[in-house]
Amino acid sequence: TVPVASEGGAIPGLEIVAAAREELRRLVDAREGGLGAAPKFPHPFEFDFLLRESVRTGDGRARDLALLTLRKMADGGIYDHLGGGFCRYSVDGTWTIPHFEKMLYDNGPLLRLYADAWVITRDPLFGTVCEETAAWVIREMQAPEGGYYSSLDADSEGEEGRFYVWTPDQVRQLLSPDEYPPFAARYGLDGAPNFEGEHWHLRVARTLTEVAAATGVPEDTCAALIASARGKLFAVRGQRVWLGRDDKILTSWNAEMIEGMVHAARVFGRDDWLASARRALEFLRGTLWRDGRLMATHKDGRTHLNAYLDDHAFLLAALLEMLQADFRTDDLAWALEIADVLLDRFEDPDAGGFWFTSHDHEALILRTKPGLDNATPAGNGIAAIQLQRLGHLVGDERYLDAAERTLRLFVDSIKQHTGGSTTLVTALAEYAEPPPIVVLRGESTALDAWRRQLAGHSLPSTLVLAVPQGLSGLPAPLDRPPAPGDRVNAWVCRGVTCLAPMQRVDEVLAALGVAAN
C-alpha cells in the first residue's frame with residue numbers, strides 16, 4: 001500500500017533512531033552474527049546502520065554485534081576463500097553453506113561496509129576481504145566496456161556448488177606435503193564433509209594460532225603455506241567448467257558497486273579500484289543516460305527500459321561518493337541533473353515521497369512508493385539521504401524540502417517497521433543532525449594528502465570534498481578561496497553554518513569530534 005502522511009506530519013527526532021538501533025540489536029544472533037535464524041542474508045545496510053550509530057553514539061554493543069557478523073561472514077562459507085566476493089545467502093545459521101549465486105547488489109554495499117569496519121578496527125581480515133572482493137569484481141564482473149555484470153550463477157554442469165567444492169583427495173594431490181596439513185586444518189578438510197555428505201566447501205575452521213598448534217608449524221610459516229595453497233587451488237578451480245554469468249548491466253546495481261568500490265578506494269588509497277569505478281560510471285553516462293533520461297538496463301548492445309526510482313537514487317549516491325574521491329564539475333552537474341529528474345518525474349509534491357516509476361511510465365495497476373528495505377535499500381530512503389546531502393552541499397532548498405516531505409510521508413511506516421526502515425531512519429538522523437561537510441581548497445597534491453588522511457578516520461556521515469583550484473561555476477558553498485602556496489584551506493560546515501577556515505588536519509578532526517591518530 002502507498003503510505004499516507006501522518007496527521008500534522010511531525011517528524012520524530014533521534015528517539016526513533018535509538019529505537020531502530022535497539023530493535024536491530026535484539027534481532028542479531030549474538031553467537032553467530034546476522035539477523036535472525038537460517039537462512040541468513042548479509043543485510044549490509046542494517047549493519048552499516050549499526051556501525052554508523054556506534055560511531056555517532058558510542059554504542060559499543062551495536063559496534064560489537066556488527067563486527068561479530070562481519071567476522072563470521074568473512075570466515076564462513078558465504079565468502080569465497082579462493083576468489084573473493086560473497087554469495088547471496090547462507091542456508092544455515094552458521095554461514096557455512098551458501099546459495100552459491102554471487103550478486104553484484106550484495107557485493108557493492110559489502111565492500112563499502114568492510115572498508116568501514118577496517119577503518120574502525122584496522123583488523124587485517126577486513127582489509128583482506130576488501131582486497132579480494134574488489135579483485136574479483138574487476139576480474140570477473142567488469143565488462144570490457146566498463147560496466148559491471150549482474151551475477152554469477154550457483155550452478156555449473158547442472159549442479160549447484162559444483163564449481164566451488166572439493167574433496168580432501170583432490171586437494172592433497174594439488175598441494176605439497178608441507179602445504180596440505182595447515183590448509184586442511186584451516187579450512188576443515190580434516191573433518192567431516194559439510195556439503196551433501198560427500199564434499200567439502202571451504203570455510204575457516206581454525207584460527208592460524210590453532211592451526212599452528214595442530215600442525216606443530218610456526219604460525220607465520222602456516223600463513224605462507226596456506227596462501228601458497230590457496231593460489232594453487234584457485235588456479236585449478238579456474239579450469240573447471242565455468243559458472244553461467246548474467247551479463248546484463250543494470251543501472252541500479254552498477255551504482256551500488258560504483259559507490260562501494262569508490263568508498264573502498266578512498267579508504268585504502270587504491271587508484272586501481274577508483275579507476276574501475278570511474279570506467280563503470282562513464283559507461284553509465286555514455287550508454288544509459290540519453291538526452292536527460294536514464295535507462296535501466298543494457299545487454300548485447302541494447303539499452304532499454306525507462307529507469308526506476310532506485311536507478312536514480314542509487315546513482316545519485318554513487319556520484320556523491322565519486323565527488324569525494326575525484327572531484328569533477330561534470331560529475332556534480334550530472335548529480336544535479338539526476339536530482340532534478342527525481343523531483344520532476346518521480347516525486348509526489350502533494351503527499352510527499354517518490355514513486356517507484358516515473359510520471360511518464362506506462363500505466364500500472366499499482367504504483368508504489370517503496371519505503372522498506374529488502375535485498376536492496378528502499379529507494380525513498382536513499383533518495384531522502386542523498387537529496388539532503390546534495391541540498392546542503394550546493395545550498396538548494398528544493399532538495400532539502402523534497403527529502404523533508406518524504407520523511408513526513410513515511411513517519412507512521414517508520415514507527416511500525418523501525419527495524420526494516422534503516423535507510424529512512426538514517427535519513428531521519430541526518431535530518432535531525434545535518435551531516436558535516438568538509439570543503440578543502442588548495443593545490444592538487446596537497447589536497448590529495450589531506451583527503452587520504454581524513455579517509456583514514458571513521459567519519460560515516462561526513463562528506464569531504466577536495467575541490468581543486470581553477471574551477472569555475474561552483475555553487476556558493478563550494479566556491480571557497482584556496483590557501484596560498486602548497487597549503488590547504490578547510491571549511492567545516494553543518495547546514496548553513498561554517499567554521500572559520502582551518503589549515504591543519506588535526507584542527508578539522510577536532511571540529512568533527514575525532515581524535516587525531
Worksheet item: If we sort 92-104, 248-260, 343-355 on the protection proxy, mean other Cβ atoms within 10 Å, highest first, what's the order?
Response: 248-260, 92-104, 343-355
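Rounded, prolate or oblate: which fits the range 124-176, taking a ≥ b ≥ c as square roots of the Cα gyration tensor eigenvalues, rounded meaning a/c under 1.5, else prolate when a/b beats b/c?
Working: a/c = 2.52, a/b = 1.35, b/c = 1.87.
It is oblate, given that a/c is not under 1.5 and a/b is not larger than b/c.
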Fill in: log10 of Debye I(q)/I(0), alpha-carbon scatterers only, for the range 371-517 at 0.10 Å⁻¹
-0.40
Worksheet entry | Within-10-Å neighbourhood charge of GLU433 [Cβ basis; K, R +1; D, E -1] | +1
Worksheet item: So how far, in whole Å, is the C-alpha centre of the range 356-375 from the one of the range 6-79?
Response: 27 Å
Practice prompt. Summarise the accessible area of the range 441-517 (1.4 Å probe, protein heavy atoms) by the percent that is carbon and sulfur.
Written response: 52 percent
Item to complete: Please sort 63-70, 77-84, 379-386, 367-374 by packing, taking for each peptide the average over its residues of neighbouring beta carbons within 10 angstrom, highest first.
Response: 379-386, 77-84, 63-70, 367-374
Item to complete: Pull out a ≥ b ≥ c, the square roots of the eigenvalues of the alpha-carbon gyration tensor of the range 88-183, then state rounded if a/c is under 1.5, prolate if not and a/b is larger than b/c, and oblate in the remaining case.
Response: oblate
Worksheet item: Tell me which aspartates and glutamates have Cα within less than 12 Å of LYS248's Cα, excluding those fewer than 8 residues away on the same chain?
Response: ASP300
Worksheet, complete the sentence: Here the alpha-carbon Rg of the chain over 2.2 N^0.38 Å rounds to 0.99
Worksheet item: When the accessible area of the range 186-227 is computed with all protein chains present and a 1.4 Å probe, what percentage of it is carbon and sulfur?
Response: 53 percent
Worksheet item: For the range 413-495, what log10 I(q)/I(0) values come out of the Debye formula at q = 0.21, 0.23, 0.26 1/Å, with one point per alpha carbon and no solvent?
Response: -0.95, -1.06, -1.22
Fill in: Across the chain: Cys residues that no other cysteine approaches within a C-beta distance under 4.7 Å
CYS87, CYS130, CYS222
Worksheet item: What value, in deg cm²/dmol to 500, does the helix sum -39500 (n - 2.57) over DSSP H runs of n ≥ 4 give at 222 nm once divided by the residues of the chain?
Response: -15000 deg cm²/dmol
Fill in: Whole-number accessible area per residue in Å² for the range 94-225, which is evaluated in the context of all protein chains at 1.4 Å
39 Å²
Worksheet item: For the range 1-134, rounded, prolate or oblate, judged on the Cα gyration tensor with a ≥ b ≥ c (square roots of eigenvalues), a/c < 1.5 rounded, else prolate if a/b > b/c?
Response: prolate
Worksheet item: Straight-line reach from LYS40: which lysines have Cα under 17 Å away, leaving out those fewer than 8 places along the same chain?
Response: LYS72, LYS102
Worksheet item: Over the chain, what is the mean sequence separation of C-alpha contacts under 8 Å (at least six apart), divided by residue count, expressed as relative contact order in percent?
Response: 14 percent
Item to complete: For the range 72-138, compute Rh as the Kirkwood radius over C-alpha pairs and then the Stokes-Einstein diffusion coefficient at 4 °C and 1.567 mPa s; write the answer in µm²/s, rounded to an integer.
Response: 110 µm²/s
Practice prompt. Determine how large the accessible area of VAL514 is when every protein chain is in place; take a 1.4 Å probe and give Å² rounded to the nearest 10.
Written response: 40 Å²
Worksheet item: For q = 0.26, 0.27, 0.30, 0.33 Å⁻¹, what log10 I(q)/I(0) does the range 375-414 give under the Debye formula with an equal point scatterer on each alpha carbon and no solvent?
Response: -0.81, -0.85, -0.95, -1.05
Worksheet entry | Selection from HIS43, THR215, GLY260 lying farthest towards where the dipole of the chain points positive, charges on Cβ | THR215
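The values are calculated or read from the model by the stated rules, or taken from the named source; none is laboratory data. As the structure is a computational prediction, the values presented were derived from the model and not from experiment. Glycine also receives a Cβ, built like all others from the backbone with ideal geometry; neighbour counts cover every protein chain displayed. These accessible areas exclude ligands, DNA and RNA; they are computed on the full protein's heavy atoms, side chains included. Shrake-Rupley method; radii C 1.70, N 1.55, O 1.52, S 1.80 Å.
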